[in-house]
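Below is one structure, written out as structure tokens; the observations come after it.
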Amino acid sequence: MTDEASSSEKPWPVRVVSQKIGQWIARLGWIWVDGQVAQVTRRPGTNTVFLTLRDPSADLSLTVTTNRDVVDLGAPGLTDGARIVVHARPEFYAARGSLSLRADEIRQVGVGELLARLEQLKKLLAAEGLFARERKRRLPFLPRRIGLVTGRASAAERDVLTNARRRWPTVDFRVINVAVQGPSAVPQIIDALAVLDRDETIDVIVLARGGGSIEDLLPFSDEALCRAVFACRTPVVSAIGHETDVPLVDFVADLRASTPTDAAKRIVPDLGDEVRLIGQAKQRLDRALRGLLDREQHRLDALRSRPSIARPLSMVDTRAAEVSALRARASRNLVHRLDRAGTELEHTLARLRTLSPSATLQRGYAIVQRADGAVVRAPAEVTGGERLRVRLAEGELSATVTDA
């Protein structure tokens, strides 16, 4: 309180504050309150019954005081864990500063009403996206360590551990035992989830419980527990009850197992199956490898069988034979042309010899030439006393014209 407030406002005594709180609470009047019975206390020799009524979704409880006849009439055989609705008036005890309820009517919630409330809660959670399929995570193939939340020495714990270790003998578990029904179940399960979710070695969390009535399985449809499962970073497997039991946590969990035994089959692989699958995969790999090698060998054999590879000199031999044939052909053509040219030359020489002056001279003729080399063809072309040269086949003579 500041100095200014201290000077302007007078402090209230505790009794006044308590009285005012009691007056405000008294104005609430009679109300209907829904909750789960955490404890029933009947004092011997009195008609007063004390109930501890717990909120199923919060760690909060109130004391309810009522008459034994009210309990016997509205909820005969009332036991811990039962879900009830009470018509009560809040009472605040100023001397102790405590709040309680004074009930004049109690109704035990029936199965039909429970189912209707669960259906309403289911629609609410679905609308908020807690059941969305796209947010569900896949479980690891082989988790390093598995967290198990279940009842102490329960059949569910034995089923999960036994079947999981039968499938994979070296699987490691961290087990947290909690109450799986009654008023303390939800907070204990939520605390166990938080502990396992913080453990970095945990890869999967399993919630396991055996079968039971709808009332027995109510903690696993609690809104607070559903939201706690949704908030987990670690994948959560729900293995609650039998095949037909479907608490709300089944819809929120990343995987729903029909039974604890089914959960063991889903969280770890079967070693025998994996060894068999590995053997089958090895056989397929061997066949594929042999097939690949056979195909490549056939390709290699086909390549090696080609003439260019099998007989690399055959192409050279073929080309050499072609060159030799071309050379022989060229040689024959050349000899033929030379022979024909020689024959033609001989014929030409024969004609030349026949037509040459030398051939004429050989037949006895002579060529008369003047001194200047001009050939004399007629007597009139020379004069008397002119010297002439006479060419014969075998030399030449000099002559003088005596009579022109």
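The values are calculated or read from the model by the stated rules, or taken from the named source; none is laboratory data. Every value quoted in this text rests on a predicted model; they were computed, and no experiment measured them. Using ideal geometry, Cβ is built from the backbone for each residue, glycine included, and neighbour counts are taken over all protein chains shown. Please note that ligands, DNA and RNA were not included when accessible areas were found on the heavy atoms of the full protein model with its side chains. Shrake-Rupley method; radii C 1.70, N 1.55, O 1.52, S 1.80 Å.
Tell me, what is the percent relative contact order of the stretch 57-212, built from C-alpha pairs under 8 Å that lie six or more residues apart? So the answer I get is 22 percent.
Angle of helix 111-127 to the longest C-alpha principal axis of the chain, folded into 0 to 90 degrees and rounded to 10: 40°. Report the Cα centroid-to-centroid distance between the stretch 10-56 and the stretch 127-205 in angstrom, as an integer. Centre-to-centre (Cα) distance: 38 Å.
When peptides 176-186, 364-374 are sorted by average Cβ neighbour count within 10 Å, with the highest value leading, the order is 176-186, 364-374. Measuring nothing but alpha carbons in the stretch 149-297 and taking Rh as the Kirkwood radius, the Rg to Rh ratio lands at 1.17. Using only the Cα atoms of the stretch 68-189, each taken as one equal point scatterer with no solvent, compute I(q) by the Debye sum, divide by I(0), and report log10 of the ratio at q = 0.21 Å⁻¹. Those come out to -1.24, one per q. Would you mind getting me the FRET efficiency between ALA153 and ARG117? Use the beta-carbon distance for r and R0 = 30 Å, nearest 0.05. Computed FRET efficiency for ALA153 and ARG117 comes out at 0.40. Subtracting the Cα-Cα distance of ARG96 and ARG389 from their residue separation scaled by 0.36 nm leaves 87.0 nm.
Other residues with beta-carbon under 14 Å from the beta-carbon of ALA393 carry, at +1 per Lys or Arg and -1 per Asp or Glu, a net charge of +1.
Relative to the longest principal axis of the Cα atoms of the chain, the long axis of helix 314-355 makes an angle of roughly 20 degrees. Would you mind classifying the stretch 129-225 by shape? Square roots of the alpha carbon gyration tensor eigenvalues, ordered a ≥ b ≥ c; an a/c under 1.5 is rounded, otherwise it is prolate if a/b is larger than b/c and oblate if not. Since a/c reaches 1.5 but b/c is at least a/b, the shape of the stretch 129-225 is classed as oblate. Each residue, SER324 and ASN67, gets one label point 7 Å from its Cα in the Cβ direction; the gap between the two is 13.8 nm.
On the beta carbon distance between GLN283 and ASN177, with R0 = 45 Å, the FRET formula returns roughly 0.50.
Listed peptides 163-172, 296-305, 115-124 appear in the order 163-172, 115-124, 296-305 once ranked by packing, highest mean of other Cβ atoms within 10 Å at the front.
Shape class of the stretch 225-322 from the Cα gyration tensor (axes a ≥ b ≥ c, square roots of the eigenvalues): prolate, since a/c reaches 1.5 or more and a/b is larger than b/c. Each other residue within a Cβ distance under 11 Å of ALA310 adds +1 if Lys or Arg and -1 if Asp or Glu, for a net charge of +2.
Solvent exposure of the chain amounts to 63 Å² per residue of accessible area, where only protein heavy atoms count and the probe is 1.4 Å.
Mean-square fluctuations from a GNM of the chain, with a 10 angstrom spring cutoff on Cα atoms, peak among GLU157, GLU223, GLU322 at GLU322. Among rounded, prolate and oblate, which fits the stretch 13-80 when a ≥ b ≥ c are the square roots of the eigenvalues of its C-alpha gyration tensor, a/c under 1.5 means rounded, and a/b larger than b/c means prolate? The shape class here is prolate. When both the stretch 331-388 and the stretch 78-122 are represented by their alpha-carbon centers, they are found 160 Å apart. Extension gain, GLU296-LEU142: 0.36 nm per intervening residue step, less the Cα-Cα distance, totals 51.6 nm. The alpha carbons of the chain give a radius of gyration and a Dmax of 63.8, 210 Å, in that order. If you run the Gaussian network model on the chain, springs between alpha carbon atoms under 10 Å, then out of ALA132, ALA330, ALA393 the most flexible one is ALA393. For the stretch 268-342, the calculated P(r) over all alpha carbon pairs, in 5 Å bins from 0 to the bin holding the longest distance, is 4, 12, 9, 8, 7, 8, 6, 6, 6, 5, 5, 4, 4, 3, 3, 3, 2, 2, 1, 1, 0, 0 percent. Counting 0.36 nm for each residue step from LEU124 to LEU397 and taking away their Cα separation leaves a gain of 82.6 nm. Rolling a 1.4 angstrom probe over the chain with all protein chains present gives an accessible area of which 55% lies on carbon and sulfur atoms. Under the simplified labelling scheme, the VAL275-VAL335 pair shows an inter-label distance of 8.9 nm, with each label point 7 Å from Cα along Cα→Cβ.
Can you tell which of GLY279, GLY147, GLY384 shows the greatest fluctuation in a Gaussian network model of the chain with Cα springs below 10 Å? Residue with maximal mean-square fluctuation among GLY279, GLY147, GLY384: GLY384. Among the lysines, which have Cα under 24 Å from the Cα of LYS10 when same-chain residues fewer than 8 positions away are ignored? Partners within reach: LYS20. The distance between label points at ILE367 and LYS10 comes to 18.0 nm (points 7 Å beyond Cα on the Cα→Cβ vector).
Relative to the longest principal axis of the Cα atoms of the chain, helix 185-198 runs at roughly 30 degrees.
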